[in-house]
Amino acid sequence: QSNLGILSPDQIELAKILLENGQSHLFQQWPQLGVDDKQKLDFFDQIARLNSSYPGGLAAYIKTAKELLADSKLGKNPYDGFSPSVPSGENLTFGTDNFIEMERKGVVEARNAAFVLVAGGLGERLGYNGIKVALPRETTTGTCFLQHYIESILALQEASNKIASDESQRDIPFIIMTSDDTHSRTLELLELNSYFGMKPTQVHLLKQEKVACLDDNDARLALDPHNKYSIQTKPHGHGDVHSLLYSSGLLHKWLDAGLKWVLFFQDTNGLLFNAIPASLGVSATKQYHVNSLAVPRKAKEAIGGITKLTHVDGRSMVINVEYNQLDPLLRASGFPDGDVNCETGFSPFPGNINQLILELGPYKDELQKTGGAIKEFVNPKYKDSTKTAFKSSTRLECMMQDYPKTLPPTARVGFTVMDIWLAYAPVKNNPEDAAKVPKGNPYHSATSGEMAIYRANSLILQKAGVKVEEPVKQVLNGQEVEVWSRITWKPKWGMIFSDIKKKVSGNCEVSQRSTMAIKGRNVFIEDLSLDGALIVDSIDEAEVKLGGLIKNNGWTMESVDYKDTSVPEEIRIRGFRFNKVEQLEKNFTQPGKFSVED
Ligand code: UGB
């Protein structure tokens, strides 16, 4: 009461909200007016932020928290009354006629899409000190994830605009969700690199705010133990992307501009853009309101399963069920063996890789109803079985893939399954944890992420007719991986299989010890036999033919131990570095026709 004098009317309103929602403890240790006044105003600044960044404000946050904490205390299962079954979706196999047709359709649609990258997470499991999008996707060229994503979007934009009429040319919007942990470093990376060739006006950063931590089952907000004027906060999860997009006003703008799709993707899947054109083609063909990209998943593997859930009351939805919940849910619903592989050797429930394609119109309509709020969950760590006290404060969380939970059953929710080698290789685990992954399961480390790029590119070229030599097995940072030829290309060289095939002809072969980096657009591989390292760059106006026998000592791979701090972190987490012994390196800066032969 005595402090009211320093507060503005808005701050008094906020104080009332807190008091009416069981938060009087926050003010218990406040001294009288005149003492710590600046800190008290800082406290209200934080409260105002927490209140305005949550749909429905702090009152709604506290109310939901109380309900979810009560359910958690009772041990209530969120899937009570639901029975799981295998949903229907599209299965695509790389290189088939259907795949090629879906890619063609996807390129047509790309100019009607906006891309949204969720990059607010620090990646604690990876333990890397920088932001994850700044990590090299592969170290042959050193291109970081963010650069690769931007160049892929630009390549799609160009291919899509090429087949559209002049008046409907469009710059694809690119949104990055950041957080306090990643925002300034993401912006700096973009600015230092001139947005990697994208127009700065095409890029929007939306920063997510953290949410208040909770001390007990009454959802009392947790004060910072070292500062009684500050509330502890933690990340709310990638589900925030929906409310941020909604409040940014971008959805209306995009609809007015004629856009039709919003594609969501995560920070370190270096293979994702191999899958984007075809799955966008599937969305357009099947008119999916929601299309989740998925890969075959081994039963009990630690990725969520896409599942159809049907409630006893008739409701049904197609949704990601996290792997630790799928097995018990199946066991409780008449499948005594739980989540097991079927005759294909995989679980019948496809693995969610958390890349979503939403149709913009129905998405905007839905968010207008919900304000972008996503069904949340809480995961308190209790002190003991009475479940009355927490080991440390907790908070509500939400996931972007839970968006379909509020949709009516009439919504067209499907998925597209693609080969793992083509579509999914995230970098999530540190070397120590990756080395402990049971044999046969994916490491999801910087080592496996980079090797997956070379494998995918080698397999794609094999399918295009190049004899790429089989890989060798090698142990790097304690992980056994297949090492294929180190083949990379820029997205503008080939985004879809039919374009790549046009760039390859004759009898071509690449040995396992080879490195090939194609950085130019109009580079053609014709009767090439490569045994060594070849790096080619060119301006768009130059047409370059790579052919004949090219042989040199090439680049060798040297093992590096992840504990060796004399090596930069982004290298040592891979367990190897290149020793660039010898290469043929060409850069064509003049227009014309050229050929590269040894
Ligand atoms: N992220 C944010 O932008 N903000 C946040 O507050 C948190 C994260 P993780 P997670 O690919 O195999 C997801 O930590 O959440 C961004 C799916 O839920 O890499 O453990 C962050 O920057 C799971 O179903 O993954 O698991 C990153 O880009 C499964 O599909 C993204 O959100 C799993 O990914 C994901 O964060 C997977």
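Here are the numbers for the structure shown:
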quantity	calculated
Virtual spin-label span in nm between residue 368 and residue 48, 7 Å along Cα→Cβ	3.1 nm
For region 504-552, size of Cβ-based charge dipole, Lys and Arg +1, Asp and Glu -1, in debye	200 debye
All-pairs alpha carbon distance profile, region 232-364, 5 Å steps from 0, percent	2, 9, 14, 18, 19, 17, 11, 7, 3, 1, 0
Mean projected area in nm² (Cα convex hull; one quarter of hull surface) for region 230-292	6.3 nm²
Expected 222 nm ellipticity per residue - DSSP helices of 4 or more, -39500 (n - 2.57), all of the chain, to 500	-9000 deg cm²/dmol
Phi to ³J(HN,Hα) by Karplus 6.51 cos²θ - 1.76 cosθ + 1.60 over region 337-343, Hz, x for Gly, Pro	8, x, 7, 10, 5, 9, 4
Net charge over other residues, Cβ less than 10 angstrom from the Cβ of residue 266 (K, R count +1; D, E count -1)	+1
Calculated from backbone phi, Karplus (6.51, -1.76, 1.60) coupling profile of region 490-495 in Hz, x at Gly/Pro	6, x, 5, 6, x, 8
Counting all C-alpha pairs of region 112-258, share separated by more than 28 Å (%)	32 percent
Among beta bridges that DSSP assigns inside the chain, antiparallel share in %, nearest 5	45 percent
Extreme residue, positive dipole direction of the chain, given options 382, 5, 471 (C-beta unit charges)	382
Cα convex hull volume per residue for region 320-465 (Å³)	219 Å³
Residue-span extension gain [residue 6 to residue 300] - 0.36 nm each, minus C-alpha spacing	100.2 nm
Low-density loop positions, GluC sites (Glu not before Pro), region 496-543 - DSSP coil, at most 12 other Cβ in 10 Å	541
Protection proxy ranking of 420-428, 446-454, 133-141, 192-200 - average other beta-carbon atoms within 10 Å, highest first	446-454, 420-428, 133-141, 192-200
Estimated FRET transfer efficiency (residue 67, residue 333; beta-carbon r; R0 25 Å; 0.05)	0.50
Space enclosed by the convex hull of the alpha-carbon atoms of region 306-366, per residue, Å³	126 Å³
Mean projected area (nm²) of the alpha-carbon convex hull when region 455-598 is viewed from all directions	8.8 nm²
Calculated SAXS-style log₁₀ I(q)/I(0) at q = 0.16 Å⁻¹ - region 1-88, Debye, Cα scatterers	-0.73
Cα centroid separation, region 26-94 to region 286-306 (Å)	27 Å
Sorted peptide list for 385-393, 486-494, criterion being average Cβ within 10 angstrom, highest first	486-494, 385-393
Nearest-20 debye value, region 1-121 charge dipole, Cβ charges on Lys, Arg, Asp, Glu	240 debye
Degrees separating the helix 272-286 axis from the principal Cα axis of the chain, which is the longest one	70 degrees
Dimensions (Å) - region 558-598, Cα atoms, principal axes, largest first	48, 20, 13
Pairwise FRET efficiency - residue 255 versus residue 28, Cβ, R0 = 51 Å, nearest 0.05	0.55
Model label zone, residue 342; criterion: amide N under 15 Å from point 7 Å along Cα-to-beta-carbon; scope region 281-310	295-300, 305-309
Amide H partners (placed H, <5 Å) of residue 179, local residues excluded	208
Where labels lie 7 Å past Cα in the beta-carbon direction, separation of residue 313 and residue 549 in nm	7.5 nm
Net charge of Cβ neighbours under 12 Å - reference residue 358; Lys, Arg +1; Asp, Glu -1	0
Whole-number D in µm² s⁻¹ for region 54-143, Kirkwood Cα-pair radius fed into Stokes-Einstein, 20 °C, 1.002 mPa s	110 µm²/s
Cα convex hull volume per residue for region 377-437 (Å³)	200 Å³
Around residue 221: net Lys/Arg minus Asp/Glu count, Cβ-Cβ under 11 Å	-2
Tilt relative to the chain, helix 97-110 - C-alpha long axis, 0 to 90 degrees, to 10	60 degrees
Dimensions in Å of the chain - Rg and Dmax from alpha carbons	26.1, 87
Angle between the chain longest axis and helix 57-74 axis [Cα atoms, degrees, rounded to 10]	90 degrees
Backbone N under 11 Å from the residue 541 label point (7 Å along Cα→Cβ), restricted to region 554-598	589-592
Relative packing of 462-475, 57-70, which averages over residues the other C-beta atoms within 10 Å, highest first	57-70, 462-475
Net dipole in debye of region 110-205 [+1 Lys, Arg Cβ; -1 Asp, Glu Cβ; about Cα centre; nearest 20]	180 debye
Estimated distance in nm for a label pair at residue 469 and residue 248, the labels positioned 7 Å out from Cα along Cα-to-Cβ	4.7 nm
Proximal lysines relative to residue 38, as straight alpha-carbon distance under 28 Å, when same-chain residues fewer than 8 apart are discounted	16, 207, 210, 228, 234
Residue 163-residue 590 FRET efficiency (beta carbon distance; Förster radius 30 Å; 0.05 resolution)	0.55
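Read the figures in this text as sums done on the coordinates, not as results from a lab. A quick note: this is a predicted structure, and the numbers were derived from the prediction, not measured. Note that we place each Cβ from the backbone using ideal geometry, even for glycine, and neighbour counts take in every protein chain shown.
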